[in-house]
Amino acid sequence: MATRDPAPERGDVSALAARVSQLEELNRDLLGMIENSYDGLCIVDGDSRLVLMNPAFERVMGLERAAIQGRRTTDLVKEGFSDTAASVKVLETGMAQTVIIHTVAGRQVLSTGVPIFGPDGKVSRIYCNLRDITDLTQLKEKYEQSQKLISRYLIELQEAKQQQAIEKRLVAHSREMREIIDAAFRIARVDATVLLLGESGVGKEMVARMIHEASPRAEAGPFVKINCGAIPADLLESELFGYEAGAFTGASREGKVGYFEVADKGTLLLDEIGDLPFRLQVKLLSVLQDCEITRVGGTKPKKVDVRILAATNQDLEKMVREGKLREDLYYRLSVVPVVIPPLRERKADIPFLLLHYVDLYGRKHGMPTRLGKEALEALCCYRWPGNVRELANLMEHLVVVSREPVVRLDHLPRKYREDGEGDRDEEADGALPLRTRVRRYEQRLIRKAISRSRTLEEAAHGLGVSLSTLTRRLREVKADGQQ
């Protein structure tokens, strides 16, 4: 006779019901977590078919569940819905894989697939997690761009501060000098050879120093200047290139370093380059081409990293035509020519230069001095053949010699009082008829304009008349002088 299993006791039934309830609640939580996950989740079987996916998967991949449910991920990749899939890589390798997917909607998705193996050792399920990193990638790119922008602004700020510090030592209010300074700062960023042209005293060395100080070489090497016209020709070679021990009679037993080696990593200004002896021009050309120097008495060349700036007040093109300067050297030196105009062609700078130097030397010598109105006007009208150097020297002379804090017109040397003398001439003409006085005053203006101009065209332009009118007036001046 068969026996029945004993019926479960009431306590066992209650415990089982509670356990089932807990499992159901846990199952609801798991499903709720999957359904509401921000990341896309999906399950792929061993045949790469999409078995299950949550709503976030549709959002992240830009695909509708109804269109892809049950389809193989390998087919979806082939059809271009995405460029790859973590499940495809898992099936290929049998290992967990992480890939970056580029979807058809233009999103970037970080996907990780984890394989689950069946009793036969084959992949039976792949659990995939997908996270949209498009915004994160864009944020990273924006951050990198902002960092580049910050770096660029810091560099520009440093350059602006450097430029401001340099410009404090330069007085440039005329359009001509502002253009030269702007060009010099642009030139400073590259390592091209620069040829500075202009009359004596216009400030070629100041512009050369500005180019060096605004360049990356300012932190790497020194600014070195050598005047090619101030050193005897037989000593210039050893000064430029140095010499080995015992290279010639009287040479130091230790030898000597030349200016090119001293200026290594920096800038070398060859002032008065037009006075460089012809035999040294070949050697300088070799240095410019090969960046190597050989000391006097030496045989072994040495590499040097020097930026060359050259300056002169001579007409180098004329020297080339006359055979005094090698044509190939001229072209090597004048890669970037900069012409600095004389002071008479940038008159807007004159009053500012006068005030700058009188204040500078007043503070230097402890003798505060200022220019009176008449003295300032007379100096602004002066031609300044010696340019800024002459102006600076005169201001120091006036500060030191003047016994009064204000420089008057009669304190100026006679040649600087041209306008004052003209005023006194007018006073002497006071007894003459008005027409005669006007004619004489006009003649003085014409003579003054011609003396301050290089050509009659320039004088006519300065007076605001045509060349024919100025020529006719000149004939009248000569006729009056013959009477």
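Computed values, structure above
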| item | result |
| --- | --- |
| Count of region 344-378 residues which are open to solvent by less than 20 Å² (accessible area, probe 1.4 Å) and out of contact with any strand residue (DSSP E or B) (no Cβ under 7 Å at 6 or more places or on another chain) | 6 |
| Any hit, region 328-338, residues being closer than 30 Å to Met395 by Cβ and open to solvent by 70 Å² or more (accessible area, probe 1.4 Å) | no |
| Residue within region 41-58 that is closer than 17 Å to Asn129 by Cβ, assigned to a helix (DSSP H, G or I) and open to solvent by 50 Å² or more (accessible area, probe 1.4 Å) present | yes |
| Residue in region 337-353 that is closer than 30 Å to Met177 by Cα and free of Cβ contacts under 8 Å to residues at least 60 places away in the same chain present | yes |
| Test: Arg217 is closer than 22 Å to Val338 by Cβ, open to solvent by 70 Å² or more (accessible area, probe 1.4 Å) and either within 16 Å of the chain's Cα centre (by Cα) or at pLDDT 90 or above (or both) | no |
| Output for region 119-138, where each listed residue is within 19 Å of Ser48 (Cα to Cα) and open to solvent by 20 Å² or more (accessible area, probe 1.4 Å) | Pro119, Asp120, Gly121, Lys122, Val123, Ser124, Arg125, Tyr127, Asn129 |
| Meets criteria (outside any helix (DSSP H, G or I), closer than 30 Å to Arg444 by Cα and either open to solvent by 10 Å² or more (accessible area, probe 1.4 Å) or of a type outside the set (Lys, Arg) (or both)) for Pro341 | yes |
| Criterion violated by Phe248 - all others in (1) open to solvent by 50 Å² or more (accessible area, probe 1.4 Å); (2) at pLDDT below 90; (3) under 22 Å from Gly198 (Cβ atoms) satisfied | (3) |
| Enumeration of residues in region 287-300 that are loosely packed, with under 15 Cβ neighbours inside 10 Å and assigned to a helix (DSSP H, G or I) | Gln289, Asp290 |
| Selected residue (criterion: most open to solvent (accessible area, probe 1.4 Å)) from residues of region 84-108 that are farther than 14 Å from Thr74 by Cβ and part of a loop (DSSP other than H, G, I, E, B) | Met95 |
| Glu35 among the acidic types (Asp, Glu), within 28 Å of Leu136 (Cβ to Cβ) and assigned to a helix (DSSP H, G or I) | yes |
| Selection from region 284-339 of residues that are basic (Lys, Arg) and over 21 Å from Asp191 (Cβ atoms) | Arg295, Lys300, Lys318, Arg321, Lys324, Arg326 |
| Region 353-373: number of residues that are assigned to a loop (DSSP other than H, G, I, E, B) and under 12 Å from Val399 (Cβ atoms) | 5 |
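The values are calculated or read from the model by the stated rules, or taken from the named source; none is laboratory data. What you are looking at is a predicted structure, and each value in this text was computed from that prediction instead of being measured. Here the Cβ is made from the backbone with ideal geometry for all residues, glycine too, and neighbour counts use every protein chain on show. Quick note on the areas: whole protein, heavy atoms, side chains included, nothing else; ligands and nucleic acids left out. Shrake-Rupley method; radii C 1.70, N 1.55, O 1.52, S 1.80 Å.
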